[in-house]
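The values are calculated or read from the model by the stated rules, or taken from the named source; none is laboratory data. Values in this document were obtained by computation on a predicted structure and should not be read as measured data. Heads up, the Cβs are rebuilt from the backbone with ideal geometry, glycines too, and the neighbour counts pull from every protein chain shown.
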């Protein structure tokens, strides 16, 4: 926002108030900044390896269990409150805190900006979430697919039913218009075009990112690449700059 970086990576789109701050700092968002979608990330619900009952859930069940007051008045939700044949054990809710774009996506896009259960334990570090869920049989958490892939030996990903049967998050299912799209979000980089026009290395790197970097490396890091024509469109725009 202060205009000090060549690139600014983000797991959510820029907000209107941030665009206003850019203007205050002498940057016109329309002419001085280029938003590039790099890849797609799948929001992944994870549970303990010993949890053999909640391996499949509907989207509605995930939303309702995390919404304050939706399932129980005191937010002390048990698995049996979700499905009667599940254990009468209290669910331990976890997730990344408000500093993360993942939290914002879950809160705004999945929960519709409604309050989470008061019992949710939000953490700054994803490694802490992995430790908590992997050590507690009744835990559930949410974070990006890439982080799940890095820790799939310790966790189970919940298959989500969006209306056509349970879907496991994979690189194929989290792709654009793929079966897991209901929990998919783009990740971005924002290019400082003022600097790109002044420093050839900035423009060259931006071209590399959309021509080779993102298409070839996204999958290796747990993200689904975009269709080739989208990367090509970005490249054409960058080529027109210089």
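Confirm whether residue 121 is in contact (Cβ under 8 Å) with a residue 12 or more places away in the chain and under 23 Å from residue 171 (Cβ atoms). In short, no.
The helices (runs of 4 or more DSSP H) located wholly in segment 7-88 that include 2 or more residues which are within 20 Å of residue 182 (Cβ to Cβ) occupy 59-66. Taking segment 76-101 as the range and being surrounded by 18 or more Cβ atoms within 10 Å (Cβ to Cβ) and either within 15 Å of residue 66 (Cα to Cα) or not assigned by TED's automatic domain parsing to the domain that holds residue 155 (or both) as the test, the residues that pass are 77, 79, 82, 91, 92, 93, 94, 95, 96.
Residues in segment 1-36 that are in contact (Cβ under 8 Å) with a residue 24 or more places away in the chain and either touching a helix residue (DSSP H, G or I) at 6+ places or on another chain (Cβ under 9 Å) or closer than 22 Å to residue 186 by Cα (or both): 19 in all.
When the residues of segment 89-102 are filtered to those that are in a loop (DSSP other than H, G, I, E, B) and under 26 Å from the mean Cα position of the chain (by Cα), which remaining residue is nearest to residue 51 (Cα to Cα)? Across segment 89-102, the extreme among qualifying residues is 91.
Listed here are the residues, each with its yes/no results for (1) assigned by TED's automatic domain parsing to the domain that holds residue 112; (2) exposed (fewer than 15 other Cβ atoms within 10 Å of the Cβ).
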site	(1), (2)
11	no, no
17	no, yes
23	no, yes
34	no, no
47	yes, no
56	yes, yes
61	yes, no
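The sole residue among 127, 141, 178 that is more than 23 Å from residue 109 (Cβ to Cβ), assigned by TED's automatic domain parsing to the domain that holds residue 76 and at pLDDT 95 or above is 127.
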